[in-house]
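Since the structure comes first, as structure tokens, the remarks are kept for the end.
The values are calculated or read from the model by the stated rules, or taken from the named source; none is laboratory data. Here the structure is a predicted model, which means the values were calculated and not measured. Cβ: placed from backbone, ideal geometry, glycine included. Neighbour counts: every protein chain shown. These accessible areas exclude ligands, DNA and RNA; they are computed on the full protein's heavy atoms, side chains included. Shrake-Rupley method; radii C 1.70, N 1.55, O 1.52, S 1.80 Å.
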Amino acid sequence: MSLCDLSAGTLWRKLQSGEVTAVAATTDYLNAITQFDGQVAAFLHVDRDTALAQATNLDAKRSRGEPVGLMAGLPVAIKDVLCIKGEPTTCGSKMLQNFRPPYDAHVIEKLRAADAVLLGHTNMDEFAMGSSSENSAYQVTHNPWDLSRTPGGSSSGSAAAVAARMAPVSLGSDTGGSIRQPAGLCGIVGMKPTYGRVSRYGLIAYASSLDQVGPFSTDVTAAAALLEAIAGHDPRDSTSVNQPVPSYTSTLDQPLQGLKIGVAKEFFAEGLDAEIEQAVRTAIDVYRGLGADVREVSLPHSKYSIATYYLIAPSEASSNLSRYDGVHYGHRTESATSLNEMYAASRGEAFGPEVKRRIMLGTYALSSGYYDQYYVKALRVRRLIREDFDKAFADVDIIAGPVTPTAAFKIGEKSDNPLGMYLADVYTISANLAGIPGISVPCGFTPAGLPIGLQLLAAPFQEERLLRAARMYERETDWVTRKPALA
Amino acid sequence: MHYQPIIGLEVHVQLQTQTKIFCGCSTAFNPDQPNVQTCPVCLGLPGALPVLNGTALRLAIKTAMALNCQIAKFTKWDRKQYFYPDLPKGYQISQYDLPFSFDGQVELITNAETGESRPIRIIRAHLEEDAGKNVHDETGRGRDSMVDLNRAGTPLVEIVSHPDLRSAAEARQMLEELHALLTYLEVSDCNMQEGSLRCDANVNLHITKDDGTVVATPIVEIKNLNSFRFTEQAVEYEIARQWKAFQETGKTIKDAPKSTRGFDPDRGVTTIMREKEEAADYRYFPDPDLVPVTVTDEQLAAIRSEMCEAPAVMRKRFQSEYQLSAYDASVIIDQGRLLAEYFEATAKLCGDGKQAANWVTQDVLRVMKERKETIANFPLRPEVLGSLIARVTQKQLTIKSAREVFADLLTAEEDQTPAPSMAQIDEIVAAKGLAIVQDDGAMETAIAAVIDKNPKAVADFQAGKQAAVGALIGQVMKQLKGADAQAVREKILTKLSGG
């Protein structure tokens, strides 16, 4: 039996107790990558020697009787948006094809300090813009449940790797749903923490006011452990919040008493597939069965989420991506005779169409004469969206709903339809705009065998509550034990 | 037909923090080792984030207080976006609609003799990061241009004045006034060679035609002036150029948009950089990587308590408190805070401001210049100089003797540490017998003794031989080297006349 057959939480506990060595776990996962990644294409870069060396060091440390960190040798795959010192970090873009950061992202430092084993970098939509991996400059990642379908995105590789049991856990980033949407489509757990809970230092920026790093896992337990390892204040990120990190893993198995669950009617409106709605409503019934008080809440401004997001995110992106100008690092054109030509050609050659589209959208929205009616107005709506949640959370502890309107779609199905692709994030985007935490938990399968996700949202810094609520549901169901035939 | 120049300045001041405004890199001037004072943040590497250096904001607020600005309780950071190789992020972190300070004024001395002044209004002062420096091949062989990012991220305050200046000389003076103010406050070293203080000047003319109507010439911004002299020269040239251009073309502000010119110090002319000021759209928006800053009253009070006296205030005070002329006060103030403090300490110790000013502006400055020394390294501390001057004012030493002592102290200093002391003044005075003897008792005793010992001379004198008194004076003076010969003469005469 391969250690990859264990759920991530079980493996993590065995690693903690020393029942399993880090080398054994790492070796099995590296073998799984060799075996399956040819079909899934989740990884952009696997550093086997480094991973094994980390595992060996950790085992040696343990055998010397030294205390080991929280991750205890658990292998972690990393979205290519996070800087790892000396390792290729491309952000799924040709622009950064040859870029090797001279520093580790804060979360990477935290993982090293917690004795995690870093498996390598995973594929993603270029600069985290997309919902299918089709915007990656390098490869299209396949959904392990149906290789003709997308795993979702933009954290496509991190989700697919965990779903295919090529990694027990992984890190992604979520700007408009880029963790929760692929988690939902891949039948795994994925969590976006509160904005400011996890440092963004070393996370290559897409939209700075929305980006947040978070965990993927086959189960809630290891997701909690991974979040616990990476969360916390970092003075290098001014938006990182200085609040203590609770020990999520120690309270995880305590069910929440008197849980009040809100169901937002706006999340069950037109456009939601019947089979998704069915699964989500059934999941909410499970909570009812556990004694939860389920009541309706209203998020009246959520219908403006996508419009708001597609002004704010591209505005910030157009600015964040200005640094890729071919001068100091990254792609530089071979053919330019003037400075302006060098800028235009370097960027024109190295950015893909979706990135260009968003840079243009954002540049337009920030232009003088348009700034007030687009960007400023979007900020106002964003505040209204946040106020909707504030009101709702005055009444309920958790808001439950679908992660996505449909199950995984076919690769290529929406590649000529950017608006259709944007709608894949219709239920996840408002959490980013409001800065609140959200988690996607597997809650069933379509008749065609594709995974369905349940999204739970909570008030800012209520990650502990969110994880416990997710775990309550997980214990009552066996979805997390299902894995794709491929794995 | 006559014209009135209308001039406003935008002054950039590098704050003297140890580290950059958004990262921990050193701000030291280091052009010989490019790109060594850099990190992921100031290089603009993917994933790096800025964190505000609190000292930069504190120094900036201090600057604004000195400019009599209002300090905003809430301020934020905006991205000013444009592409340039010396700007690694593709945007500069600056302040747009909510600068940390606004609505100030600086008193500009318009008459050095009388000390008459006029307020120059300040529109705003905001805090931003400096860019790096592009280094171009100057050999003419078309080699690659290079970028040095050591300077990138140095905290910079941009001070924007109203167009209240009316001549090139005033523009220069305004810059000098700011230089004095900011160095007094120790918020900037204002080293113009190193680019710590630089300015852009906006210039045009208001022309009164013979029929009494007034028209304005197109506004020109002269960029990057890095010395007082160049500022004055550039504005002077630009005024003449615009006047000539108007007489030739009659073009007014309505016919041409604002243009940008550079100053060529070798030729003393301004040359066109951008003909039409393209309506540059910097797409300012709040930097989402930084949090807005709220400044509390307590913080402001703490900063205010660190403020030193402004040079303009000190200048006026020196005039009233030490009876200095406006000119002398300016000479002292313009030499910087340390010299002004040196003067004041000296003046207090000797009790005569006028004398202290003479010594400081003449003797001390001359020696500093000869030795190429700053006042901080000047070997005579105020207590020693003050004590020396006090001996002159108390008529213990003549000015001539005091100069001799001053020179001797400085000579002696060359081969000794520590610095010359008051004790040494006494040693030199004693060794050279320079003291003016005022002790009447000592003089009386000496005279009585000389008279006793020289009955012949006394008899000669009393017999009507006036010259005999000379021998007596000579003997007294031999005993009392610092004595005033005239006083001795008078006393002897009184004594011999039976007084």
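Derived scalar couplings between HN and Hα for the range A:107-117 equal 5, 5, 4, 5, 5, 4, 5, 8, 6, 7, 10 Hz in order, rounded to whole Hz, by the Karplus curve 6.51 cos²θ - 1.76 cosθ + 1.60 (θ = phi - 60°), x for Gly and Pro. For the range B:349-407, the list of GluC sites (Glu not before Pro) that fall in a loop by DSSP and count at most 13 other C-beta atoms within 10 angstrom reads B:GLU373. How are the Cα pair distances of the range A:368-449 distributed, in percent, across 5 Å bins from 0? Values per bin, smallest distances first: 3, 11, 17, 17, 18, 15, 11, 6, 2, 1, 0. In this structure B:THR55 has an accessible area near 60 Å², from a 1.4 Å probe over the protein heavy atoms.
All C-alpha pair distances within the range A:307-456, sorted into 5 Å bins from zero, spread as 2, 8, 13, 14, 15, 14, 13, 10, 6, 3, 2, 1, 0 percent across the bins. Built from the Cα atoms of the range B:311-432, the convex hull projects on average onto 7.0 nm², one quarter of its surface area.
When only the Cβ of Lys, Arg, Asp and Glu is charged (+1, +1, -1, -1), the dipole of the range B:440-496 relative to its Cα centre reaches about 200 debye. Here the scattering of the range A:64-198 is modelled by Debye summation over its C-alpha atoms, one equal scatterer each and no solvent; at q = 0.14, 0.19 Å⁻¹ the log10 of I(q)/I(0) is -0.59, -1.05. Per-residue ellipticity at 222 nm computed for chain A from its helices equals -11500 deg cm²/dmol, with DSSP H segments shorter than 4 residues left out and the rest contributing -39,500 (n - 2.57).
Along the range A:71-86 the Karplus relation, 6.51 cos²θ - 1.76 cosθ + 1.60 evaluated at θ = phi - 60°, assigns HN-Hα couplings of 6, 6, x, 5, x, 10, 8, 10, 4, 5, 8, 9, 5, 10, 3, x Hz to successive residues, with x for each Gly and Pro. Sparse packing (at most 14 other Cβ atoms within 10 Å of the Cβ) combined with a DSSP loop state is found for the following trypsin sites (Lys or Arg not before Pro) in the range B:271-354: B:LYS276. Entry note, chain A: relative contact order of 18 percent, from Cα contacts under 8 Å with a spacing of 6+ residues. Against the empirical 2.2 N^0.38 Å (N residues), the range B:2-299 has a Cα radius of gyration ratio of 1.04. Spin-label pair A:SER148-B:GLN479: with each label point 7 Å from Cα along the Cα-Cβ axis, the two points sit 13.1 nm from one another.
Taking 4 °C and 1.567 mPa s as conditions, chain B diffuses translationally at an estimated 47 µm²/s according to Stokes-Einstein applied to its Kirkwood radius (Cα pairs).
Near the amide H of A:GLY438, within less than 5 Å, lie the amide hydrogens of A:LYS192, all on another chain or at least 5 residues away, with H placed in the peptide plane. Taking every DSSP bridge with both residues inside the protein assembly as shown, close to 80 percent are antiparallel. Placing a pseudo-label 7 Å from each Cα along the Cα-to-Cβ vector at A:LYS260 and B:ASN111 gives an inter-label distance of 7.7 nm.
Each pair of Cα atoms in chain A enters the Kirkwood radius, and Stokes-Einstein at 20 °C and 1.002 mPa s then converts it into a translational diffusion coefficient of 97 µm²/s. What the phi angles of the range B:2-11 give under the Karplus curve with 6.51, -1.76 and 1.60, with θ = phi - 60°, is a coupling list of 9, 10, 10, x, 10, 9, x, 10, 10, 10 Hz, glycine and proline written as x. Distances between every pair of Cα atoms in the range B:440-496, grouped in 10 Å steps from 0 to the bin holding the largest one, split as 26, 61, 13, 0 percent. Shape descriptor for the protein assembly as shown: Rg over Rh equals 1.18 (Cα atoms; Rh from the Kirkwood inverse mean 1/r). Between amide H atoms placed 1.01 Å from N, distances below 5 Å from B:PHE100 occur with B:LEU127, all of them 5 or more places distant or on a separate chain.
Mind scanning B:LYS369/B:LYS478; B:LYS432/B:LYS491; A:LYS192/A:LYS410; B:LYS62/B:LYS89; B:LYS76/B:LYS133 and naming the pairs with a C-alpha gap bigger than 32 Å? In this structure, B:LYS369/B:LYS478 lie more than 32 Å apart at Cα.
The calculated FRET efficiency for the pair B:GLU186 and B:ALA240, based on their C-beta separation and a Förster distance of 30 Å, comes to about 0.20. Cross-link partners for B:LYS372 among the lysines, with Cα-Cα distance under 16 Å and sequence neighbours closer than 8 places in the same chain left out, do not exist in this structure.
For the protein assembly as shown, the dipole from Cβ point charges (+1 on Lys and Arg, -1 on Asp and Glu) about the Cα centre works out to 600 debye, to the nearest 20. Rg and Dmax over the alpha-carbon atoms of the range B:252-306 stand at 21.2, 52 Å. Peptides A:304-316, B:91-103 ordered by packing proxy, namely the average of other Cβ atoms within 10 Å per residue, highest first: A:304-316, B:91-103. Computed on protein heavy atoms with a 1.4 Å probe, the accessible areas place B:LYS478, A:LYS377 in the order B:LYS478, A:LYS377, largest first. Site pair B:ASN224 and B:ASN358 shows an inter-label distance of 5.0 nm when each label is modelled 7 Å from Cα along Cα→Cβ. Cross-link partners of B:LYS244 among lysines, defined as those whose alpha carbon lies under 27 angstrom from its own and excluding same-chain residues fewer than eight positions apart: B:LYS209, B:LYS223, B:LYS254, B:LYS258, B:LYS276. Put simply, the C-alpha atoms of the range A:1-84 give a gyration tensor, and the ellipsoid matching it has half-axes of 22, 15, 11 Å, longest first. Note on A:LYS110: aspartates and glutamates with a C-alpha under 13 Å away, same-chain residues under 8 apart excluded, are A:GLU228, A:ASP234.
Between amide H atoms placed 1.01 Å from N, distances below 5 Å from A:LEU74 occur with A:VAL117, all of them 5 or more places distant or on a separate chain. Using a probe of 1.4 angstrom and keeping all protein chains present, the accessible surface of the range B:440-496 works out to 57 square angstrom per residue.
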